[in-house]
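Structure record follows, encoded as structure tokens.
The values are calculated or read from the model by the stated rules, or taken from the named source; none is laboratory data. What you are looking at is a predicted structure, and each value in this text was computed from that prediction instead of being measured. Quick reminder, even Gly has a Cβ in these numbers, built from the backbone with ideal geometry, and neighbours come from all protein chains shown. Ligands, DNA and RNA are excluded from the accessible area calculation, which covers all protein heavy atoms including side chains. Shrake-Rupley method; radii C 1.70, N 1.55, O 1.52, S 1.80 Å.
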Amino acid sequence: MHKLNIGIVGYKFMGRAHSNAWIKAPLFFDVPAQPVLKAACGRHQESLQDFANKWGWQETETDWRKLIARQDIDIIDIALPQHLHYDIAIAAAKEGKHIFCEKPLAMTSRQAEEMLRVCEDNGVVHYLNHNYRRTPAISLAKRMIEEGRLGRIFHWRSAYQQDWIVDPEFPLTWQLQKETAQAGPQWDLNSHCVDLARFLVGEISSVTSLQTNFIKERPIADESTSGNLQAESKGDEMGEVTVEDAALMLVQFENGAVGSFEATRFATGRKNKLSFEIYGSKGSITFDLERMNELQYFSNEDSGDLQGFRTILATEPSHPYVKSWWPPGHIIGYEHSFIHAAVDFLIAVQGEGSISPNFNDGLKTLEILEAGVASAETKQQITLNREENGIKQREVPEGRLCNY
Ligand code: SOE
């Protein structure tokens, strides 16, 4: 079988999730090419080598430019924070490497635009890992909507709730600083929900937003621990939090539906609760990541005395991705959506096809996230995607137009 050599950049949380995905994909699915864990790249040789030994990466590199220059690398897997995506993706695409990139795509829509253009100019497959699309229950929701089971969609509402920084002693990690994260839950969490809303409902035409901070100063983080969610502080020195702690958006969709998004790291007790609800003329669907194998479904077409939300357990072989796993009722977990993404990416690369979400999806999502930030700053509704003379512009009332 043809082999595809992977070079991964990053070896923390997403490095582990991606390594697991590359290993498991050919074990459970008929993939058209064998992914080879060729080289892992990171700054600190000792911890990088530990990672490579544990996960079976054949070699290590401490300079991502050297990794990208290697002729024996076919795929670059970017498993790093978003402020590091742009330079690596541009260089990888120019070297003809296919790119599997973690979300959010970039720090700005301008960066995303260039990343997309360079990938298209170089004919490489580009994938943006909004993994939740490939949760069987969410892929089933997509199938049901396409089959018309919800009819005309009226409402989208989503909430992505975490609580890992409620403690004011949690240090100032990269996720809490604008220069390394661009924004807080607006980028980290609403990026997932906007991607799902675009996937399930459609394109967004306007945004009105509110953002806030609850804790404005935190202890400076100990660099050696600040790459994960259990970071430690370096001492008593404090630093300013320069991103929001909570981000709320109200949107209009191009198809007439309306939507609300809530993303927060201060929903005490909620660890990683992504939930959404979609209400249509013929039926409704709700999803909760904490019960990720289930969909709640209401159909207007059920007979009146039997109507009600029912639980669909998405573990039947007819459900997306499921037949490659276990018998009905044997549920799957968080890591499986990454494996499904790896499978579909290998199919796209080997079949010279494409995969979504890709960098064009990432660009559209970032435009919406940027509009949310602009709306929160201006306290105005932002209209998107108004094109004049080929220049994308956002419309803020009073006729003022601001370019991206
Ligand atoms: C931290 O908020 C995080 O790891 C996100 O970055 C991921 O995208 C999300 O899936 C889980 O939480």
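One table, with the values for the structure above:
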{"quantity": "Residues that are free of Cβ contacts under 8 Å to residues at least 40 places away in the same chain and within 16 Å of the ligand (Cβ to nearest atom), drawn from segment 20-59", "calculated": "none"}
{"quantity": "Members of segment 214-223 that are touching a residue at least 12 places away in the same chain (Cβ under 8 Å) and exposed (fewer than 14 other Cβ atoms within 10 Å of the Cβ)", "calculated": "216, 217"}
{"quantity": "Residue count for segment 183-208, restricted to those that are more than 13 Å from the ligand (Cβ to nearest atom) and within 20 Å of the chain's Cα centre (by Cα)", "calculated": "9"}
{"quantity": "Residues of segment 257-302 that turn out to be under 20 Å from residue 336 (Cα atoms), outside any strand (DSSP E or B) and touching a residue at least 12 places away in the same chain (Cβ under 8 Å), as a count", "calculated": "6"}
{"quantity": "Criterion: at pLDDT 95 or above, touching a Gly at 6+ places or on another chain (Cβ under 8 Å) and buried (at least 16 other Cβ atoms within 10 Å of the Cβ) - qualifying residue of 21, 25, 33, 79", "calculated": "79"}
{"quantity": "Scope segment 92-148; condition away from the ligand (no atom under 16 Å from the Cβ), within 30 Å of residue 313 (Cβ to Cβ) and either without any contact (Cβ under 8 Å) to a residue 40 or more places away in the chain or not in a helix (DSSP H, G or I) (or both); matching residues", "calculated": "146, 147, 148"}
{"quantity": "Some residue of segment 253-266 being in the same structural domain as residue 213 (by TED's automatic domain parsing), farther than 22 Å from residue 204 by Cα and modelled with pLDDT of 95 or more", "calculated": "yes"}
{"quantity": "Single residue of segment 165-182 satisfying the filter (hydrophobic (A, V, I, L, M, F, W, C) and either open to solvent by 40 Å² or more (accessible area, probe 1.4 Å) or within 18 Å of residue 295 (Cα to Cα) (or both)) that is farthest from the ligand (Cβ to nearest atom)", "calculated": "166"}
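Residue by residue, here is whether (1) open to solvent by less than 30 Å² (accessible area, probe 1.4 Å); (2) touching an Asp or Glu at 6+ places or on another chain (Cβ under 9 Å) holds:
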position	(1), (2)
290	no, no
303	no, no
328	no, yes
333	yes, no
